1. Hey, for a label at D135 modelled as a point 7 Å past Cα toward Cβ, could you say which residues of the range 21-60 have their backbone N under 11 Å away?
2. Return the carbon/sulfur percentage of the accessible area of the range 75-160, one whole number, probe 1.4 Å, all protein chains in place.
3. Which FRET efficiency, nearest 0.05, do E65 and A12 yield, Cβ-Cβ r, R0 22 Å?
4. Kindly express, to the nearest 10 degrees and within the range 0 to 90, the angle between helix 142-154's C-alpha long axis and the longest C-alpha principal axis of the chain.
5. So how far apart, in nm, are the two label points at E128 and A41 if each is 7 Å from Cα heading toward Cβ?
6. Could you derive backbone 3J(HN,Hα) for the range 121-131 from the dihedral phi with the Karplus parameters 6.51, -1.76 and 1.60 (θ = phi - 60°), listing whole Hz in sequence and x where the residue is Gly or Pro?
7. Of all the Cα-Cα pairs you can form in the range 101-158, what percent are over 12 Å apart?
8. Using unit Cβ charges (K, R positive; D, E negative) and no other charged atoms, how large, in debye to the nearest 20, is the dipole of the range 1-129 about its Cα centre?
Amino acid sequence: MADCPRITDLSAIGPVNFKLRNTGFLDDTEIEYDGYGSYQATRRNIWSTRNHNLRRVLREFPLDEPLPDQCAHWMHAVVGRHFFPDANHRTAFFMLRRILSENGVEPGEWPTEKIEDVTRESHRVRGEMEQITMDIIYRKDELFEVWRRFFEDVLPEEDC
């Protein structure tokens, strides 16, 4: 039996990648970005996100869990901690697909309707929870479960 697909290496990304991707969403005139007043103030807020917190997301990422759990942890960390004024879900999805690709994992298709549904559910659940701090970014809670169900549904089935 082949090894199960898993994220084992996050070295291809760093804090600047998060900030560049989120700034890209700010710059996209086709999609609304709900920032803090002016473009300049919002951009400043994005780039003032603490690099050490973003490095901690990468450094503490659970490398030994099944792939659906790893993906759920990633989304929990990025959308739960809410590093940026807006587009945290979009940033997390984009970065996760890159991480999967860098690790040789084919993520398959993630239908837009399912992404929209899980994003709404994620917003709802996160709004009902205590604030997610850096000390609990990888906790298995209700937000984690929302994301685990999504990834169990959309990731290709593996014989593991």
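1. So the set is empty, nothing qualifies.
2. 42
3. Computed FRET efficiency for E65 and A12: 0.65.
4. On a 0 to 90 degree scale, this one is about 60.
5. Those two pseudo-labels are separated by 3.3 nm.
6. Karplus-based 3J(HN,Hα) across the range 121-131 equals 5, 4, 4, 4, 5, 4, x, 9, 9, 5, 4 Hz.
7. Of all Cα-Cα distances in the range 101-158, 72 percent exceed 12 Å.
8. 720
The values are calculated or read from the model by the stated rules, or taken from the named source; none is laboratory data. Note that this is a predicted model, so its numbers are computed, not measured. With ideal geometry, Cβ positions are generated from the backbone for all residues, glycine too; neighbour counts draw on all protein chains shown. Side chains included, ligands, DNA and RNA excluded: accessible areas come from the protein's heavy atoms. Shrake-Rupley method; radii C 1.70, N 1.55, O 1.52, S 1.80 Å.
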